[in-house]
Amino acid sequence: MFNKTIFKHTFKSNFKIWLIITLVLSVMNGVMIAVFEPSTINSITNMVKDTPLSSLLADTSFLGMLAQTFYSIHGVILPLIYIIIVANNLIVSQVDRGSMAYILSTPIKRIEVVITQAIYFITSLFMMILISTVVGLFTIQAFHGGVWGVSYTEDVEVASKVLNMDEEDVNNDLNLILNNEEALKEGAKARSIDEDVYRAYLNLKVTQNSYKKASEIMDIDEEKISEDPSIIKENKEALEAGAKVMDISKEEYGAYIDQIVAQKLSQSSEIQDKIFKGISEASKVLDVDESELASDMGQIKSNEKALDAAVKESGIPKEMFISIIDNQIATSEIAADEGMDFNVKDYIMLNVGLFLLMFATSGVSFMFSCIFNLSKNYMAFGAGIPVAFFLFDMMTQVSADLEFVKYFTINTLFDTEAIISGGDYMIQFIALGSLGIVLYAIGMYIFKRKDLPL
């Protein structure tokens, strides 16, 4: 059923287009990974805020950014171009030009031709996605680390040199940085933030780590403890473990938890209103949008006039307002760290999902290439339907009002959000794989049975 000669000829005929698309796809994937910075994405998010494009950048995590851009747009449209061109070349173009009649005048059977062309088509798409995946993995390791071995934030790397300690030990006990002025200074410099903000960041991280340790002992979700830290006090073992992480006694840790709970209660809507009044006044001094300033309050701290205006308008003491700013920046730094978290399995599954989507899409084009005898007729359906699928999927992402359109495209079966959030996506994967097999089988059957112009 497989013809080596036809496969070689098909490979040579389509190698240039395959190589160009594969190179462009791999380069775009690599560049997007290399330039990724949570702060950069946050800036872009602010630029497109309140526009139809805002939903495309809802997740600023590393894989979230890739899922919403590369795996929704670039990684789909480039293979789609290849599919449309090559599906035409494989069958219908040869029938249209009359070369298929010449091939079938030899002892080669129709089923042998169509199966060989299908094998080439599927294999070329698989290799395209595989090469892009490998390039992506190497780029991630080169620019961000975390694929092979453990990667640490730049401040931990710098602080570990100052402390002359192993990076893993410093990362596991951030109190070592807090208790060393030189390490604190260098760590802040590495993050390009001032020492007060860095101290707030480290305290938040240490507190977060204590919650994580307590949640493991209590066997509950860490988020539940973050919402109500007082539940740690109900478990003696968890209280002791959390205190150990904080490098304080369990009594001190209990008092610290009480303080956090009290702060949460004190953060009433009235206080929030005062803060926003201060931000609004500062935005006038700085001549920036209020929403932009609210997401980057560091601009207020760096401008004495803006800070004074914010303090005066809010009625909040200056030291307290600065502390609020420090904590906001520190929280953003933690979000940036979390944004750089990389899960190899999720990245691989994104690429598996992309291949299955391209497999099913190529099945559509291949089937119509087998059905029609004229390239112009093939283009109407073999190119038109896959392009429509892509456009419909884009429409669902741009506006919630157009969500019903998702029922008219197979692209929504490639659920990137479910993949990176740990949701259920295997049923969609099976559906895409099954659809591709059925479409290829229908195409082969029709080509074998139909009348060909001779």
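Observations on the model:
Per-residue answers, yes or no, for (1) open to solvent by 50 Å² or more (accessible area, probe 1.4 Å); (2) touching a residue at least 40 places away in the same chain (Cβ under 8 Å); (3) among the hydroxyl-bearing types (S, T, Y):
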{"site": "F359", "(1), (2), (3)": "no, yes, no"}
{"site": "S362", "(1), (2), (3)": "no, yes, yes"}
{"site": "C370", "(1), (2), (3)": "no, yes, no"}
{"site": "F404", "(1), (2), (3)": "yes, no, no"}
{"site": "N411", "(1), (2), (3)": "no, yes, no"}
{"site": "I420", "(1), (2), (3)": "no, yes, no"}
{"site": "D424", "(1), (2), (3)": "yes, no, no"}
{"site": "L432", "(1), (2), (3)": "no, yes, no"}
{"site": "V438", "(1), (2), (3)": "yes, yes, no"}
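- For first residues located in the range 285-308 and at pLDDT 90 or above, partners that are assigned to a loop (DSSP other than H, G, I, E, B) and polar (S, T, N, Q) and lie 6+ apart or on another chain with Cβ distances below 8 Å form the pairs V285/N303; L286/N303.
- In the range 195-211, of all residues being touching a residue at least 12 places away in the same chain (Cβ under 8 Å) and open to solvent by 60 Å² or more (accessible area, probe 1.4 Å), the one that is nearest to K250 (Cα to Cα) corresponds to N203.
- For the range 309-327, a residue qualifies if it is small (G, A, S), buried (at least 17 other Cβ atoms within 10 Å of the Cβ) and either at pLDDT 90 or above or farther than 13 Å from A282 by Cα (or both), and the qualifying residues are A309, A310.
- Candidate set from the range 386-400 (those that are without any contact (Cβ under 8 Å) to a residue 24 or more places away in the chain and open to solvent by less than 50 Å² (accessible area, probe 1.4 Å)); member that is farthest from D451 (Cα to Cα): T396
- Within the range 152-161, tally of residues that are out of contact with any Lys or Arg (no Cβ under 8 Å at 6 or more places or on another chain) and open to solvent by 60 Å² or more (accessible area, probe 1.4 Å): 2
- Only a single item in (1) open to solvent by 30 Å² or more (accessible area, probe 1.4 Å); (2) within 30 Å of L350 (Cα to Cα); (3) not charged (D, E, K, R) is not met by I129, and it is number (1).
- Residue selection: S151 fails the criterion of being of a type in the set (S, T, Y) and farther than 25 Å from I329 by Cβ.
- Just one of the numbered conditions (1) β-branched (V, I, T); (2) at pLDDT 70 or above; (3) surrounded by 18 or more Cβ atoms within 10 Å (Cβ to Cβ) is not true of I41: (2).
- Test: residue in the range 418-428 that is out of contact with any Leu (no Cβ under 6 Å at 6 or more places or on another chain), of a type in the set (G, A, S) and within 30 Å of D155 (Cβ to Cβ): yes
- Screening M165, M246, M218 for residues that are in contact (Cβ under 8 Å) with a residue 40 or more places away in the chain and open to solvent by 20 Å² or more (accessible area, probe 1.4 Å) leaves exactly one candidate, M246.
- Note on the range 73-94: residues that are open to solvent by less than 10 Å² (accessible area, probe 1.4 Å) and either more than 13 Å from the chain's Cα centre (by Cα) or hydroxyl-bearing (S, T, Y) (or both) amount to 10.
- Residue match in the range 284-293 (condition: part of a helix (DSSP H, G or I), of a type outside the set (G, A, S) and closer than 26 Å to L178 by Cβ): no
- Exactly one residue out of S124, S105 is of a type in the set (S, T, N, Q) and in contact (Cβ under 8 Å) with a residue 40 or more places away in the chain: that is S124.
- Residue count, the range 286-301 (criterion: more than 32 Å from the chain's Cα centre (by Cα) and surrounded by fewer than 16 Cβ atoms within 10 Å (Cβ to Cβ)): 1
The values are calculated or read from the model by the stated rules, or taken from the named source; none is laboratory data. Computed from a predicted model, the values in this text were never measured in an experiment. Positions of Cβ are generated from backbone atoms using ideal geometry, with glycine treated the same way; all protein chains shown enter the neighbour counts. In case anyone asks, the SASA skips ligands and DNA or RNA and just uses the protein heavy atoms, side chains included. Shrake-Rupley method; radii C 1.70, N 1.55, O 1.52, S 1.80 Å.
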